[in-house]
Amino acid sequence: MNNSTSNNPRITIRKGTGSDLPEMLQLFTATIDEVGKKDYDLQQLEAWKSGAENKERWMDVIRNQYVLLAVAGNTIVGFCSLDQGNYIDLLFVHKDHQHKGIAFLLYHQIEQEALQCNEKKLTADVSKTARPFFEKTGFQVIQEQTVRVKGIAMTNYKMVKHLIS
C-alpha cells in the first residue's frame, strides 16, 4: 500500500502491529496537546490524553481492529483504526504533519476496507477538532454528545457517512 500526497511524496501506508504501540501512544498524546488546545481546555486535554494509560485498550485496538499507519521514513506520522468493520475508533495525525493530506490518505484506505466488507455506513465519535475533517469527507453529525473522561465533561459528535459502493 504505497500512497503519496503532493505535499508528502514519501508517505507509505501499512498495517499497524504491537511493536508500533509506543510510537502511536506518543503521537496520540503529543497531538492532543498541540492540536486539541484550540478546542479543549487544559483539564479536558489531560483527561483525553489519559486514554494512553490504558495499555489493555491499546493492545485490543492492535489485536482486534483494522489499524493503518502513515509512515514517513521510519516515523509514524498518523494512524487510523476501524472497529467492527464500520466504526472509526481512532484517527490521529502527528502535530508536525497536519494539513498535508495524511488524514485523508488514511481515511480513504479505511473507507475502502469498509466497502470491501460490504458495509453500508461508517460511524465515528469525533472531537471538536476533527469534526471539520470528517465533514469534508462526507460525514454528518447525528448528535452532539457530552462524554465524561475521568470525571471531566467533553463535547464530541456522533457522526455517520452512508457509503455508496
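Table for the structure above
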| quantity | calculated |
| --- | --- |
| Proximal aspartates and glutamates relative to Lys161, as straight alpha-carbon distance under 18 Å, when same-chain residues fewer than 8 apart are discounted | Asp83, Asp89, Glu111, Glu113, Glu119, Asp125, Glu135, Glu144 |
| Among Val61, Val149, Val126: highest mean-square fluctuation, GNM of the chain, C-alpha pairs under 10 Å | Val149 |
| Spin-label model distance (nm) - Ala153 vs Glu46, 7 Å beyond Cα toward Cβ | 1.9 |
| Selection from Gly85, Gly101, Cys117, by position along the positive dipole direction of the range 78-165 (Cβ) | Gly101 |
| Taking Glu135, Glu56 and counting other C-beta atoms within 10 Å, the order from fewest to most | Glu56, Glu135 |
| Label corresponding to Rg/Rh (Cα atoms, Kirkwood Rh) when calculated from the structure given, among (1) 0.93; (2) 1.07; (3) 1.02 | (1) |
| Residues in the range 116-145 reached by a label modelled at Arg57 [backbone nitrogen below 18 Å; 7 Å Cα→Cβ] | 124-130, 145 |
| Rough spin-label spacing in nm, given labels placed 7 Å along Cα→Cβ, for Gln143 and Gln84 | 1.5 |
| Over 29 Å between alpha carbons, listed pairs Lys121/Lys150; Lys15/Lys150; Lys55/Lys158; Lys15/Lys49; Lys49/Lys120 | Lys121/Lys150; Lys15/Lys150; Lys49/Lys120 |
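Bear in mind that the values in this text are calculations on the coordinates, not laboratory data. Predicted, not measured: the structure shown is a model, and the values here were computed from it. Because the Cβ atoms are built from the backbone with ideal geometry, glycine has one as well, and the counts that use them run over all protein chains shown.
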